[in-house]
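Peer 1: A single structure is presented below for examination.
The values are calculated or read from the model by the stated rules, or taken from the named source; none is laboratory data. Every value quoted in this text rests on a predicted model; they were computed, and no experiment measured them. Backbone-built Cβ (ideal geometry, glycine too); neighbour counts: all protein chains shown.
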Amino acid sequence: MMISDVGDGRRTLPAKLRPHGKWILAGAALTGVAALVISLILPKFYRASTYLLVSESKIGAAPLSGAWQYALLPTFVPFVDNDALIQQAIEHFHLDRPPYRLTLERFRQGDYLDVQIPKATRLLEIRVEFPDARLAADLANYLAQGSIAYNDRITASDTVATQDFLKQRMDQAATHLSAMEKRAVEVRRRSRLEDKEKTLNILLAEKESTVSNLDQLRLALVQNDDRVKTLQPLLNNEPPIIKLKKSLTSDRFLEQAVEKSGSKNADSLSVTEETVNRNREELQRQLADSTSGASAERAGSAEAKARLEQIQAEINGLLAELAADRSEVEGATRDLQLARESYESAAREYRNAALTVTAKSQELQQITPAVVPEKPVRPRILFNTLLGFLLGLMLFGGIAWLREAFRAAAPADLRWVGEEEPAEVHRR
């Protein structure tokens, strides 16, 4: 029946939808039932969880700061969530066979694995959702143990690599030490320090003796020169011949001879005797001895002085050689000591290689093994049913609102009215 539209624009949305309430509720209920049926048909998924503790080594350096520790935690996620370990798990539990027929790509697409880091912890949470409850727990534990084994393999590989590197260093240090030992022996043999030191001691003793002899010769020379200067004037004052005149009567025998001769002037008779001056001869002998001694001492002093200069030159040359040789020997000894310390350090580091790697590595420990879950986590039947009902309400309510909107867009003087809807009729 064609009637005119009066007052339709003033109706609210609930008033517009109220006439369609029954079929909107029926549609929402139908949608909820469909969601319930689908949830019951879908396969059930069970969730198994386990935790790994990322702990520091019990030995080694001081711990890192807390912020740095937490920043490093995401680097351990690939230890669990990696393709190689997942492929091993698929093959280990025969998930590539019926009924699952999983591949690595299908496993990834199915979101069976989720690895998370709980906030402000040093834990890795491993979640496995799988249609089989026991397989979910077994997969979670397998992945946890596999990641621990993977970390242990990395540590062992680092240990072997570190040992090989340190072994090469130790071998190089041993070769260098052997070369330094040979060099030290060769330098010591070539330098002949002991022989040169003995020669130096002999020269020093000879120098001391020569200096002493030279001093004695110089003292004797001074003494002889002084003696010559003293004896020469005395010698010049002494006559070579001494004449002695004496009376004949002074001698009893001569006096008797004169008496027998009958000489009358017996008292005036005298005799003169000449003799060599013994003092002059003694002075002359002493002067000759002093002169010859001075000449000998002067010659001896010159020879001793020349020998002393020669000894000093030999000592200076020997000291220069000893200084150079000692410097070379000390350098070789120092190099040998450094080589020995380097070898001992390399050997110590090689022995402690495993300890060094362990001190710098992190440990993974499974603290809570996954247990077989009792209830599925998917699908959530009640949630899905309510969600389907709400979606049905929204869907059918929207359809009703669109229908009313189309009706409101009809010509202003005519519109279709339902049987239950009141209408005003105007007659012409």
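Peer 1: Hey, could you check region 104-138 for residues that are in contact (Cβ under 8 Å) with a residue 40 or more places away in the chain and β-branched (Val, Ile, Thr) and say which is surrounded by the fewest Cβ atoms within 10 Å (Cβ to Cβ)?
Peer 2: Here the answer is Ile117.
Peer 1: Kindly list the number of the only condition in (1) surrounded by 13 or more Cβ atoms within 10 Å (Cβ to Cβ); (2) not in a helix (DSSP H, G or I) that fails for Gln365.
Peer 2: (1)
Peer 1: How many residues, within region 154-172, are under 17 Å from Ser361 (Cβ atoms) and either touching a helix residue (DSSP H, G or I) at 6+ places or on another chain (Cβ under 8 Å) or not in a helix (DSSP H, G or I) (or both)?
Peer 2: Selection size over region 154-172: 6.
Peer 1: Another question about this same structure. Among the residues of region 178-192, write down those that are outside any loop (DSSP other than H, G, I, E, B) and surrounded by 13 or more Cβ atoms within 10 Å (Cβ to Cβ).
Peer 2: Ala179, Met180, Glu181, Arg183, Ala184, Val187, Arg188, Ser191
Okay, residues lined up against (1) modelled with pLDDT of 85 or more; (2) among the aliphatic types (A, V, I, L, M); (3) farther than 23 Å from Leu390 by Cα; (4) surrounded by fewer than 16 Cβ atoms within 10 Å (Cβ to Cβ):
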site	(1), (2), (3), (4)
Asp5	no, no, yes, no
Leu13	no, yes, no, yes
Gly27	no, no, no, no
Leu42	no, yes, no, yes
Tyr51	yes, no, yes, no
Gly66	no, no, yes, yes
Val77	yes, yes, yes, yes
Leu102	yes, yes, yes, no
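Peer 1: So which residues in region 379-428 are modelled with pLDDT under 75, within 25 Å of Ala26 (Cα to Cα) and of a type in the set (D, E, K, R)?
Peer 2: Glu419, Glu420, Glu421
Peer 1: What do you reckon, is Ala144 within 32 Å of the chain's Cα centre (by Cα) and either on the phi > 0 side of the Ramachandran plot or part of a helix (DSSP H, G or I) (or both)?
Peer 2: no
Peer 1: Could I ask something else about it? When region 68-102 is examined, which residues are found to be among the hydroxyl-bearing types (Ser, Thr, Tyr) and farther than 18 Å from Gln365 by Cβ?
Peer 2: Tyr100
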